[in-house]
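In what follows, a single structure is set out as structure tokens and then discussed.
What follows draws every value from the coordinates through simple rules; no lab data is involved. Just so we're clear, the structure is a prediction, and the values are computed from it rather than from any experiment. Methodologically, a virtual Cβ is constructed for each residue, glycine included, from the backbone with ideal geometry; neighbour enumeration extends over all protein chains shown.
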Amino acid sequence: MNPLIASGLLSLGRSVVNGVFSSSSNTSATANSSDFGTLLSSEDGKIRLKQLQQEMQALKQSLNNLPEVQAFLADAPAAANTELVCSDEGSYKLVRSDGAELDLESGSMSEQLAMQIDHMAQEKEALKKELTLPSTGERRVPLMMAG
């Protein structure tokens, strides 16, 4: 479940409970329910972050296994890193640290995988920063590190 939605549901539930039991509530009960909501939200975020990392790794491997990507990576220098770049217009390409680029064809399997990786990377960053998802600007996702 999305941590932002879960947090909102917890707040709504807390408001309902506080409203029902307002005559018998005290400050320590309110503080404890708030602490529980924060803890639950934090734990859900950590779980989702771990899931995202695993899912992204599997998608990156699938992208790297596509023939056109394998060919692009095959002639890379040993120390070259590769990033997935999403332009402002929404097109995707792979960029190596040696300057070589591979534009991913619109509608192709490689573009679909790149889009999924990009969306997960945005969600991962939002979870890390506890911010809303960015919607514009060029984005870069490391795909393969030299080593």
Report the net charge of residues surrounding residue 105, where surrounding means a beta-carbon distance below 12 angstrom and charges are Lys +1, Arg +1, Asp -1, Glu -1. -2
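Excluding residue 70 itself, calculate the net charge of residues whose Cβ lies under 14 Å from the Cβ of residue 70, where each Lys or Arg counts +1 and each Asp or Glu counts -1.
0
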By the scheme Lys and Arg +1, Asp and Glu -1, what is the net charge of all other residues having a beta-carbon under 12 Å from that of residue 119? -2
